[in-house]
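In what follows, a single structure is set out as structure tokens and then discussed.
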Amino acid sequence: MPKKKSKKKSSPKKDSDKSSSKDMSGFWRGIGALLLIVGGIVLAFGAFINAPIPHDFWHGAWWTLGGAAIVAPLALIYLGALKFITEDQRVPLAKIIGVAGMLVFLAGWLNTGFSHLDDTSTWVGGHGGQVGQSIGNALANAFGKFLSSLVFFVLFLGMALFTFGIEPKALLKLAELFKKGDKEESDDEDLAALKSKMSPGFQLNEGVPVEHHRGSPGATLRNTAAKLSPT
């Protein structure tokens, strides 16, 4: 007869070690989320105060992304909050790619949208930092200023919708609501114009008492008989 294999029981020490390691990993992930939020706040204050660390942090972000650095603090705070909200306290890779793509494409749009060619046929005057200048000038040389700006704007908008999980149908519904509001306003204006064209005799004033003349049934019958009787 074959011998039955005995199941190995996990020792309480191993279970405690696993739980402690899990708690430590969760603790460090929480610290990472907190650092992202604090980094976003420090970066935002670096645009207004002259303290060394916030100012240098902001100056480096502006040198890299140009005007897109204004969105960078919000991006860091969003990623930190997302890290807190998720169960495993991990930021999905798709969200990281989406936020990075938003910043890059916004920098490219700010560079191509505000740049112009100088006497040496070089694009100057953009506000996209080093990142926007690198990708913006390359695309502008290939497609021109207007088309490259349009491409960057569409990519930025699409990446924003992808990052925040917004469907394009929601934008269409929002546009329909605006159109509906404009239609109602035009209907109200047409109704007001129609009322202004009506003569005063057709207006009914509210709050004015209406007198109802009621006579006795007998008097009414006698008057009717007198009218019908021959002369």
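The values are calculated or read from the model by the stated rules, or taken from the named source; none is laboratory data. Since this is a predicted model, take the numbers as computed values, not measurements. A quick note on method: Cβ atoms are made from the backbone with ideal geometry, for glycine too, and the neighbour counts reach across all protein chains shown.
Consider the stretch 86-115 and keep the residues that are without any contact (Cβ under 8 Å) to a residue 12 or more places away in the chain and not in a loop (DSSP other than H, G, I, E, B). The one that is surrounded by the fewest Cβ atoms within 10 Å (Cβ to Cβ) is Leu93.
Yes/no matrix, rows are residues, columns are (1) in contact (Cβ under 8 Å) with a residue 40 or more places away in the chain; (2) closer than 30 Å to Lys83 by Cα; (3) part of a helix (DSSP H, G or I):
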{"site": "His127", "(1), (2), (3)": "yes, no, no"}
{"site": "Gly132", "(1), (2), (3)": "yes, yes, yes"}
{"site": "Asn137", "(1), (2), (3)": "no, no, yes"}
{"site": "Asn141", "(1), (2), (3)": "no, no, yes"}
{"site": "Gly158", "(1), (2), (3)": "no, yes, yes"}
{"site": "Thr163", "(1), (2), (3)": "yes, yes, yes"}
{"site": "Leu172", "(1), (2), (3)": "no, no, yes"}
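The set of residues from the stretch 43-55 being closer than 22 Å to Tyr78 by Cα and assigned to a helix (DSSP H, G or I) comprises Leu43, Ala44, Phe45, Ile53, Pro54, His55. Suppose the filter is at positive phi and surrounded by fewer than 19 Cβ atoms within 10 Å (Cβ to Cβ); does Gly144 pass it? Criteria met by Gly144.
Of the residues making up the stretch 58-85, those that are under 26 Å from Trp28 (Cβ atoms) and either crowded, with 18+ Cβ neighbours inside 10 Å or polar (S, T, N, Q) (or both) are Ala61, Ala72, Pro73, Ala75, Leu76, Ile77, Tyr78, Leu79, Gly80, Leu82, Lys83.
No other residue among Ala170, Ala140, Ala192, Ala219 is modelled with pLDDT of 90 or more and not assigned by TED's automatic domain parsing to the domain that holds Val71 apart from Ala140.
Being part of a loop (DSSP other than H, G, I, E, B), crowded, with 16+ Cβ neighbours inside 10 Å and outside the structural domain of Leu150 (by TED's automatic domain parsing) is a description that does not apply to Ala33. Considering each residue of the stretch 80-125, count those that are over 15 Å from Gly158 (Cβ atoms) and of a type in the set (Phe, Trp, Tyr), and give that number. Selection size over the stretch 80-125: 3. Take the conditions (1) touching a Gly at 6+ places or on another chain (Cβ under 8 Å); (2) over 24 Å from Ile37 (Cα atoms); Ser121 misses just one of them, which is (1).
When the stretch 118-137 is filtered for residues that are modelled with pLDDT under 90 and either touching a Cys at 6+ places or on another chain (Cβ under 8 Å) or of a type in the set (Val, Ile, Thr) (or both), the ones remaining, listed by number, are Thr120, Thr122, Val124. Residue count for the stretch 86-140 satisfying the condition of being under 30 Å from Ile31 (Cβ atoms) and hydroxyl-bearing (Ser, Thr, Tyr): 1.
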